[in-house]
Amino acid sequence: MKQESFEDEEVARVLNEHFVAVKVDREERPDIDHIYMTVCQALTGQGGWPLTIVMTPEQRPFFAGTYFPKERRYGRMGLLEILRTIHARWTADPDGITAASLQILAQLKPAMESTMEGDPDDNWLDAAYAGFVEALDETFGGFGDAPKFPTPHNLMFLLRYGHARQEKHALEMVERTVRAMYRGGIYDHVGFGFARYATDREWLVPHFEKMLYDNALMAMVCTELYQITQSRTYRQLAEDIFTYVLREMTDSEGAFYSAQDADSEGEEGKFYLWTPDEIVEVLGEALGQRYCRYYDITEEGNFEGRNIPNRIAISHESFCQAEGIDPSAWADEVRRANEKLYNHRTLRVHPHRDDKVLTGWNGLMIAALAKAGAAFGEPKYVDAAKRAHAFIQSRLRTREGRLLARYRDGDAAHLAYLDDYAFLTWACIELYESTYEPLYLERALELQEDAFQWFWDDENGGFYFYGRDAEALIARPKEIYDGATPSGNSVAAYNLVRLARLTGRTHYEDFASRLFSAFAAQVGHFPMGHTMFLMAYQFATGGAREIVVADAGDGRARQLLTALQRTFLPNAVVIHRPTTGPALKTMVQLAPFLESQRPIADRTATYLCEYFACDRPMVDVTEALTRICTPVDGGQ
């Protein structure tokens, strides 16, 4: 529409003569986008972007749609026709249109602002799992038919469900999906990182846009897969994602950019496509031909006469066997070849990079880097997470401490939304469990308290999407659906349960319980659409444990903490009780129960607790790890 209509002089003339045209960046103003997308879905039965809304001067909508061509095409009304018709009707009967807009708002506002209360149901988890089993694409991985989205929090839920229920098929579904995506064209084999979605069932043809949030959450999934399986493949994939982000999506001060466009030079995907001649030119004849066979690069092409590199048709091992080459040596050679191709690709016209720094999406990447850095024993990832956190602290807060949502080119703007607070709190929890620096736990608690102040609904429970101090829109919605990203309410519930266990603030559990009840009816209607919410519920009800390591300064604490960071412990929190000094004082203030959980006879002691009822302390590291890593009953 930008090219067809908004840059067209005839359309511009009609718009400017009869309307006030407003273009909204939905990533900067997700509050506006959420409200009017709900309107569009209610009025038309569907939604999507670009979103087209016509409203009265009071912000009350009366017309909605998505894409419209400039002129009528294939039975679809053209934008010029729509604008002229609306102008004529407004001129003839403004009161009628105003009445219609009031009626639309009267019907939709209660639904947007209300919760759907009920009783939390232990069957939610099983129902969601059964839904994923039924929807699994047995051949190509993923769930359902095209288009296919990564939706990493669905995979994180399955990992936790499988761990709690000892259900191997849950892990198998995640592995099949991640490996299929990794082999497909949705993954950039040359420059790394995942595109936003695949347009086909096989994961071959992506919408080439790359989003920060997808790559953050996919890196987190891969980190957890590595913790579970110890497979080098998943660690390598996570590290490659970080290579992409740190190389191409990171500000000089450490913050992360939002996205890269799909198109360059007016063509979608042009930057990422190859011909066999180009490959041979860069790699030489022998290696180039073998590379083309490996990545399905042919003269005919698999996308508009050119090629998206992919390995859908053959596995690495099968290819090496067919070629008579050593798999390890070929893997090394492929990495060197991709580096050469990447350097060659940098000479092309790059897709536009959206260099907005969004607080919430940065929170997701900080969480992923911190978790991976600890799991892999790679301080550089933790350091990158700390730098990004410091950027947000210094650049994305008002003088009064209120978090802001967006930074670009020296300008910070827009009071932060619930998602920003929830995602950044999640990041701080991960930073604490990767560094055990009290600062990050303290910051997580501050953010959580601020979220209560600005977003919490005392009367009905749940968090509103935008703050009580923000611009008042036609409705104040609460979001619970876990879509492309998890919802703020779902992540807030997850944070509340973890913070309660980390600090002993049991009233946080009470808030989480109110959240579970406030949205129970909505979640129960479609559990598969609320997987982050289910992760929080499972943590709260599935036998979660607190692990306290009381450090005596004898070296055992570091040994134990390192081992725990490399282990998949989805329903546990790990608290480090420092030896002495200000850090110990701060931690005892944040988590008073640490006062009594001390080293034993000058030896590091480990306390394994469930809801703060603890077994005898252990001073032997092997015994502690054995007992901690023994699964508990995660059933309901």
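The values are calculated or read from the model by the stated rules, or taken from the named source; none is laboratory data. A quick note: this is a predicted structure, and the numbers were derived from the prediction, not measured. Positions of Cβ are generated from backbone atoms using ideal geometry, with glycine treated the same way; all protein chains shown enter the neighbour counts.
The rows are residues; the columns are (1) surrounded by fewer than 22 Cβ atoms within 10 Å (Cβ to Cβ); (2) of a type in the set (A, V, I, L, M); (3) at pLDDT 95 or above; (4) out of contact with any Pro (no Cβ under 8 Å at 6 or more places or on another chain).
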residue: LEU499; (1), (2), (3), (4): no, yes, yes, yes
residue: HIS530; (1), (2), (3), (4): no, no, yes, yes
residue: LEU534; (1), (2), (3), (4): no, yes, yes, no
residue: PHE539; (1), (2), (3), (4): no, no, yes, no
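Filter the range 593-607 for residues that are part of a strand (DSSP E or B) and crowded, with 18+ Cβ neighbours inside 10 Å; which is farthest from the chain's Cα centre (by Cα)? In this case the residue turns out to be ALA605. If GLU479 satisfies every condition in (1) of a type in the set (D, E, K, R); (2) under 19 Å from TRP124 (Cβ atoms); (3) at pLDDT 95 or above but one, which is the exception? Result: GLU479 fails condition (3) only. Scanning the range 1-24 for residues that are surrounded by 13 or more Cβ atoms within 10 Å (Cβ to Cβ) and not in a helix (DSSP H, G or I), we see that the one that is nearest to the chain's Cα centre (by Cα) is VAL24. Within the range 225-232, is even one residue within 18 Å of the chain's Cα centre (by Cα) and in contact (Cβ under 8 Å) with a residue 12 or more places away in the chain? Looking through the range 225-232, at least one residue is within 18 Å of the chain's Cα centre (by Cα) and in contact (Cβ under 8 Å) with a residue 12 or more places away in the chain. Looking across the range 544-567, just one residue is crowded, with 17+ Cβ neighbours inside 10 Å, touching a helix residue (DSSP H, G or I) at 6+ places or on another chain (Cβ under 8 Å) and over 18 Å from TYR432 (Cβ atoms), and that is ARG556.
Please verify whether VAL574 is assigned to a strand (DSSP E or B) and under 29 Å from the mean Cα position of the chain (by Cα), treating the condition exactly as stated. For VAL574, the condition - assigned to a strand (DSSP E or B) and under 29 Å from the mean Cα position of the chain (by Cα) - is met.
Listed here are the residues, each with its yes/no results for (1) of a type in the set (A, V, I, L, M, F, W, C); (2) without any contact (Cβ under 8 Å) to a residue 40 or more places away in the chain; (3) within 30 Å of GLN59 (Cβ to Cβ); (4) surrounded by fewer than 23 Cβ atoms within 10 Å (Cβ to Cβ).
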site: ASP119; (1), (2), (3), (4): no, no, no, yes
site: VAL133; (1), (2), (3), (4): yes, no, no, yes
site: PHE143; (1), (2), (3), (4): yes, yes, no, yes
site: PRO147; (1), (2), (3), (4): no, no, no, yes
site: PRO152; (1), (2), (3), (4): no, no, no, no
site: MET173; (1), (2), (3), (4): yes, no, no, no
site: GLY185; (1), (2), (3), (4): no, no, no, no
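The residue that is nearest to MET532 (Cα to Cα), among those in the range 440-468 that are in a loop (DSSP other than H, G, I, E, B) and among the hydroxyl-bearing types (Ser, Thr, Tyr), is TYR464. Residue count for the range 73-89 under the criterion of being part of a loop (DSSP other than H, G, I, E, B), farther than 25 Å from GLN103 by Cα and modelled with pLDDT under 90: the result is 2. A residue that is in contact with a Leu (Cβ under 7 Å, 6 or more places away or on another chain) and either under 16 Å from ARG348 (Cα atoms) or of a type in the set (Lys, Arg) (or both) cannot be found anywhere in the range 283-305. From the list THR66, THR85, the lone residue that is loosely packed, with under 14 Cβ neighbours inside 10 Å and not charged (D, E, K, R) is THR85. The set of residues in the range 539-567 that are in a helix (DSSP H, G or I) and over 23 Å from ALA372 (Cα atoms) comprises ALA540, THR541. Where residues in the range 295-353 are touching a strand residue (DSSP E or B) at 6+ places or on another chain (Cβ under 7 Å) and aliphatic (A, V, I, L, M), which of them is surrounded by the fewest Cβ atoms within 10 Å (Cβ to Cβ)? That would be VAL349.
Every residue in the range 154-186 that is farther than 17 Å from MET528 by Cα and small (Gly, Ala, Ser), please. Across the range 154-186, the qualifying residues are ALA164, ALA180, GLY184, GLY185.
Report whether or not GLN236 is under 30 Å from ARG387 (Cβ atoms) and free of Cβ contacts under 8 Å to residues at least 24 places away in the same chain. The answer is yes for GLN236. The single condition among (1) of a type outside the set (Val, Ile, Thr); (2) touching a Ser or Thr at 6+ places or on another chain (Cβ under 8 Å); (3) touching a residue at least 24 places away in the same chain (Cβ under 8 Å) that GLY48 does not satisfy is (3).
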